[in-house]
Amino acid sequence: MYIVPEALIADLVSREASFEAVEQVFAAMASKDAYNFPVVREAIGHEDALYGFKGGFDRVGGSLGLKAGGYWPHNLEKRGLINHQSTVFLFDPDTGKVHAMVGGNLLTALRTAAASSVSIKHLARADAKVMGMVGAGHQATFQLRAALEQRSFEKVIGWNYHPEMLPNIEKVANEAGVPFEAVDLPGMQEADVIISITSAFAPSLMADHVSPGTHLACMGTDTKGKQEVEAALLARAKVFTDEVAQSVSIGEAQHAVASGLIAQSDVVEIGAVINGTHPGRTSDDDITLFDGTGVGLQDLAVASRVVALAIERGVAIEVEF
Ligand code: NAD
């Protein structure tokens, strides 16, 4: 088997490769060539940690395996380690033999950013000029950097619950050569594309903060109870997701479905748009909303590319197993 340690990942995987891997696997999910296994997530009663597994099989991409890991809230203060910890395990789909073990921390940020970028490519207006950010934490920087590659954005506007964090995303915008402006939430009406990536349990972005024609990627809500945008916004929008079952149970759509504003059948897998079996945006006035909940197949798709590259470049550690 091969081992690709976390420290090697940054040199091995590009935003472009992550994007291609995630776009391919979303397409395979919609054509039923790939499926995610039920997610396991447990409070283990030790170190206040949440631990779990996200796995799946992609028959087209050939990836079988799981991401194991979770959130250890005291890591940073007690041990100087980051709080999110994960590792990807890949298996040979022909034999069941373990193929690789891959550091999953940077991969998680790259595959999550790739998901919102895929949604922008397929759902945002071609003439989008103003990029809006709600959130300015760790993931937000990856999200913004990837999103700026999808359209000719002329300005980034940003709002964050903790305004002192806004320089994190201002730096990313400026490094990409795009000016940044902090706005209040109604100021988001200027945005053509909005990414929300926060850990909020109550909505910040309201339906009247969003103009017709906008594309939103709601990326922060990945657990029951979390919420970033007003449920009424989903009723105004055409709603897309990575996986419908997750969207309506742990994603942003959980609230709109529970309150009867939309039905589960209103939520469409983005893979259908990629495959051309759903038209996606049909008017410049449509509000499109991508509910990015994060699926195991995204991790496996990007990890598979990393392993192939690491073997090609001779940096994968090979062990008899
Ligand atoms: P972080 O701790 O670095 O940043 C948290 C962000 O949430 C900051 O912008 C903070 O200001 C904001 N925030 C905190 N409390 C808030 C509140 N009450 N109202 C509004 N905003 C608030 O976290 P991160 O690593 O950037 O992760 C952000 C979110 O993304 C988390 O909820 C995480 O679970 C989620 N996530 C989703 C996926 C996916 O695939 N969809 C993948 C990774 C992370």
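Throughout, read-outs are computed from the coordinates displayed, never taken from laboratory work. Everything numeric in this text was worked out from a predicted model, so none of it was measured. Heads up, the Cβs are rebuilt from the backbone with ideal geometry, glycines too, and the neighbour counts pull from every protein chain shown.
Points to keep in mind about this one:
- Gyration tensor (alpha-carbon) shape descriptor, the range 66-142, a/c threshold 1.5: oblate
- Choice from GLU230, GLU16, GLU77 showing the highest fluctuation, given a GNM over the chain with Cα pairs closer than 10 Å: GLU77
- A P(r) calculated from all alpha carbon pairs of the range 125-294, with 10 Å bins opening at zero, reads 11, 42, 37, 10, 0 percent.
- Against the main long axis of the alpha-carbon atoms of the chain, helix 166-175 sits at an angle near 80°.
- For the chain, share of DSSP beta bridges that run antiparallel, in % to the nearest 5: 50 percent
- Derived scalar couplings ³J(HN,Hα) [the range 40-51; Karplus, 6.51 cos²θ - 1.76 cosθ + 1.60; whole Hz; x for Gly, Pro]: 9, 9, 10, 7, 7, x, 8, 6, 6, 7, 10, 10
- Remark: the range 151-303 carries a charge dipole of roughly 220 debye about the Cα centre, counting +1 on each Lys and Arg Cβ and -1 on each Asp and Glu Cβ.
- Given +1 at the Cβ of Lys and Arg, -1 at the Cβ of Asp and Glu and no other charges, the dipole of the chain around its Cα centre is 300 debye to the nearest 20.
- Neighbour counts of C-beta atoms inside 10 Å place MET165, MET29 in the sequence MET165, MET29, starting with the fewest.
- Extended-chain gain in nm, criterion 0.36 nm per residue less alpha-carbon gap, ALA263 and ASP11: 86.4 nm
- Here the relative contact order of the chain, from alpha carbon pairs under 8 Å that lie six or more residues apart, stands at 22 percent.
- Cβ-Cβ FRET estimate between GLU164 and LEU76, R0 fixed at 22 Å, reported to 0.05: 0.75
- For ASN275 and ALA245, the FRET efficiency from 1/(1 + (r/R0)^6), where r spans their Cβ atoms and R0 equals 30 Å, is about 0.95.
- Radius of gyration over Kirkwood radius for the range 34-97, both on Cα atoms: the Rg/Rh ratio is 1.11.
- Residues of the range 1-39 falling in the label zone of GLU320, defined by backbone nitrogen less than 14 Å from a point 7 Å along Cα to beta-carbon, are 1.
- For q = 0.12, 0.15 Å⁻¹, Debye-computed log10 I/I(0) when each Cα of the chain counts as one equal scatterer: -0.79, -1.25
- 23 Å Cα cut-off, lysine pairs counted over the chain (separation 8 or more, or different chains): 20
- Computed lengthening from ALA176 to ALA202, 0.36 nm per intervening residue step minus Cα-Cα distance: 6.2 nm
- Relative contact order of the range 125-294, pairs being alpha-carbon contacts under 8 Å that are 6 or more residues apart, as %: 21 percent
- Ordering MET206, LEU261, THR241 by the projection of their Cα atoms onto the charge dipole of the range 125-294, which places +1 on the Cβ of Lys and Arg and -1 on the Cβ of Asp and Glu, puts THR241 at the extreme positive end.
- Relative packing of 43-49, 198-204, 127-133, which averages over residues the other C-beta atoms within 10 Å, highest first: 127-133, 198-204, 43-49
- In degrees, nearest ten, helix 105-123 long axis to first principal axis of the chain (Cα): 40 degrees
- Tilt relative to the chain, helix 138-147 - C-alpha long axis, 0 to 90 degrees, to 10: 70 degrees
- Rh by Kirkwood over Cα pairs, then Stokes-Einstein D for the range 230-274 at 1.306 mPa s and 10 °C, µm²/s: 156 µm²/s
- Förster-model FRET efficiency, 22 Å R0, SER283 and SER152, C-beta, rounded to 0.05: 0.55
- Selected from LEU123, PHE53, HIS84, residue furthest toward positive end of dipole (the chain; charges at beta carbon): PHE53
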